[in-house]
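Below: the structure, in structure tokens.
What follows draws every value from the coordinates through simple rules; no lab data is involved. Here the structure is a predicted model, which means the values were calculated and not measured. Methodologically, a virtual Cβ is constructed for each residue, glycine included, from the backbone with ideal geometry; neighbour enumeration extends over all protein chains shown.
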Amino acid sequence: MHPPFRFDPGFPSDRLEVKLDSGIALSLPVAFAVLVVCFIILTKCADWFVDGAVGIAEHFNVPKMLIGIVLVSLSTTAPELAVSINSAIQGFPEIALGNAIGSVIVDDTVAMGLAAVVATSPILIDKHLLKTTGIFLVVVDLALYGMAWNGTVGRVEGGILLVLFVAYTVYTYVTRSRAGEDADFEELADIEEAIAGKSLKARMLWFAIGLVGVLLASHGIVDSAIVIASAFGISEAVIGMTIIAIGTSLPEIATGVTAARKGHGEIVVGNILGADVLNVCWIAGASAVVNPLVVTQEFIHFSIPSMLFVVVAMLVLMRTQHKLTRIEGVGLIALYAIYLPLAARYLL
């Protein structure tokens, strides 16, 4: 698929302007402004979308645990999903896959690291969560690597990733049900407070506005990212794994820091590990089903091993005395600082 833009040669390099197929021309400063505004809109509309979805589900008496596991866990990854699918549809597979992989790396280093740094005490790690979700995360990362080894993640392979996501969701639901948990998710309590007293029509309106906002903002992010990549002569892969991944991971970073400061470190760990699984299975899988992801082998053999290294490093630190200290949090952030220049150098 041909990219939906073309350069306008009438502008000098310092005033680079890219004309999209829609006829809209974006200069570099405007593209940066659009990117920032769209990230803000995307984050807010994703909240409205999930709030509306939870409200509608509760109106029809969907089990609270199912709402907590499925809808709330999808809330922080809604930006990644929207951007990756939009990228796949527009024919930018390296942004789609790079965003999913880059988001895992950001979550496990910046989000987890910052949470450990600001936490009032070392974050305690649930042994069962580490043995189940942690191991499953490594398995699906390796599965993705095997699928993408030849530079392509096709529709069938995307479907397999989605099946793995469903299996993970069912397993989580069954194990929590057997354990007698009441699905008292803090995030779900916050959402219920926001939608309290709202009619079904109001909840449906939130859902619709949120959905439209997410779709439009994700489209703007992809377009502006392409302009920025073109202006600086960098690849779509670098943009996807860095700028876009950081922007779409802001909900995980924000919720992680907030929960850690309140002393709920265990919530941070569960959210991060769950978001990682969703990024690999749900987001990469759905993007591949929408449009097969054809990328360079150089991209695959750098991005996925980097993700695996970061994931294993985080899990090893969590395994040490089953807690994550402030120093270890600093180490995770430093790991991201090392990764950034390597990504730019390798993928340019």
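Values for this structure:
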item: GLU298, GLU328 arranged by Cβ crowding within 10 Å, fewest neighbours leading; result: GLU298, GLU328
item: Value of Rg/Rh across region 269-308 [Cα atoms, Kirkwood radius]; result: 1.04
item: Ranked LYS201, LYS131, criterion: other C-beta atoms within 10 Å, fewest first; result: LYS201, LYS131
item: Ranked list, fewest to most other Cβ atoms within 10 Å of each Cβ, for GLU252, GLU80, GLU157; result: GLU157, GLU252, GLU80
item: Where labels lie 7 Å past Cα in the beta-carbon direction, separation of THR152 and LYS127 in nm; result: 4.7 nm
item: Where Rh is the Kirkwood radius over Cα pairs, Rg/Rh for the chain; result: 0.97
item: Amide H within-cut-off set for PHE92, under 5 Å, with H built and near neighbours excluded; result: none
item: For LYS198, residues with placed amide H under 5 Å, excluding near neighbours; result: none
item: Kyte-Doolittle mean at least -0.5 and Cα axial length at least 24 Å: DSSP H helices in the chain; result: 28-59, 155-178, 200-232, 297-319, 326-347
item: Pairwise FRET efficiency - ARG345 versus ARG178, Cβ, R0 = 56 Å, nearest 0.05; result: 0.70
